Amino acid sequence: MKNLIIPKDYKSLLCLDQTEKAIKLIKDQFQLHLSADLRLKRVTAPLIVMKHTGLNDDLNGVERPVAFPIKALGDDKAEVVHSLAKWKRYMLGELKVPAGKGLYTDMNALRPDEDFTNIHSLYVDQWDWEKTITKEERSLDTLKKTVKQIYAALKRTEYMLEENYPSIKSMLPEDIYFIHAEELLLQYPDLTPKERETKVAKEFGAVFIIGIGGEMANGEPHDGRAPDYDDWSTPTLNGYKGLNGDIILWNSVLEIAFEISSMGVRVDEEALERQLKIRGEEQRKTLMFHKKLLAGELPYTIGGGIGQSRLCMFLLKKAHIGEVQSSIWPDELKEKCKESSIFIL
């Protein structure tokens, strides 16, 4: 309950029936724009993967996956996905998708180690997407161009929502602002990473923070990243490290920095070797995915995830993610929300 934010005088702009219809509108519109702008085709995704393949996303490296033995496979263990960061890249290779095109999917995951907050749930639903690029396109310019395309899809979806529900006014700024995590540290050396995000998000409304996962000047990363999908250790032209980042919006209802997407240029052979060594995870090189990558058998890609419930929550100006998705919540939390006109599904 200490993590629960109750906005003063909160009242949902839509009733429950309108909310359900608006959720469908947002999801339909956004994936339409996203797939067209990035040239992505929809594919079917797994809910579970085998543990020994190395295909599951390790997130920050400490979160426990939901795992279970399979009787028909001699009790070999399967895991419910955390996300599909590595699976998508593997599938691009299997489908032989050429450079300039990619895939997206509806990803459903379980993350039992998440804390209960206004924006975190045990159930995660997002659009996971991945696009094939050339080795020459593994650059900051490619990253920024792709971020701008995603942001344009967000803006068009917001416009369509306002057209259908006039009580919901568009608030996203015209452009998204780019800044490196190292620059943020220099500007606000005495603040925590989350406090820095709050500062820059409130000032610009929409920001992409570059360089998530690599050690900065203070010896710490801005935030955690697994070593085997995003490239957070390759020096860029301006001297900073990293070819990845987060799209963060200013949430005026909760008055917080609101992460909507994590994405980046994926590791090549050299970056994977380097990052596994930095994290002391070199034993992963024996896993199927990592062996294929190191052998040059996987395409160069850029990819990420965009939260479906997060996007709906933001655009509908909801106070809690439980207003736009069904999950498990403590009874105390549900009662406290109900008292404050926050109706959990």
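The values are calculated or read from the model by the stated rules, or taken from the named source; none is laboratory data. Keep in mind that this is a model prediction, so the values were computed, not measured. Heads up, the Cβs are rebuilt from the backbone with ideal geometry, glycines too, and the neighbour counts pull from every protein chain shown.
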Test VAL66 against the stated conditions and say whether it is touching a strand residue (DSSP E or B) at 6+ places or on another chain (Cβ under 9 Å), modelled with pLDDT under 90 and not basic (Lys, Arg). yes
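Here is a yes/no grid of residues against (1) exposed (fewer than 13 other Cβ atoms within 10 Å of the Cβ); (2) closer than 22 Å to LEU276 by Cβ; (3) among the β-branched types (Val, Ile, Thr); (4) at pLDDT below 90:
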position: LEU13; (1), (2), (3), (4): no, no, no, no
position: ILE23; (1), (2), (3), (4): no, no, yes, no
position: GLN31; (1), (2), (3), (4): no, no, no, no
position: ALA36; (1), (2), (3), (4): yes, no, no, no
position: THR53; (1), (2), (3), (4): no, yes, yes, yes
position: LEU59; (1), (2), (3), (4): no, yes, no, yes
position: ASP75; (1), (2), (3), (4): yes, no, no, yes
position: SER83; (1), (2), (3), (4): no, yes, no, yes
Single condition GLY322 does not satisfy, out of (1) surrounded by fewer than 23 Cβ atoms within 10 Å (Cβ to Cβ); (2) among the small types (Gly, Ala, Ser); (3) not in a strand (DSSP E or B): (1)
Looking at LYS241, LYS194, which is the one that is closer than 22 Å to HIS290 by Cβ and either free of Cβ contacts under 8 Å to residues at least 24 places away in the same chain or of a type in the set (Lys, Arg) (or both)? LYS241
Mind checking which residues of the stretch 159-177 are within 11 Å of ALA206 (Cβ to Cβ) and either without any contact (Cβ under 8 Å) to a residue 60 or more places away in the chain or of a type outside the set (A, V, I, L, M, F, W, C) (or both)? PRO173, GLU174, ASP175, TYR177
Being out of contact with any Cys (no Cβ under 7 Å at 6 or more places or on another chain), over 30 Å from LYS135 (Cα atoms) and surrounded by fewer than 20 Cβ atoms within 10 Å (Cβ to Cβ) narrows it down to one of GLU281, GLU255, so name that one. GLU255
For the stretch 103-112, check the following and say yes or no: at least one residue is hydrophobic (A, V, I, L, M, F, W, C), more than 29 Å from ARG156 (Cα to Cα) and not in a helix (DSSP H, G or I). yes
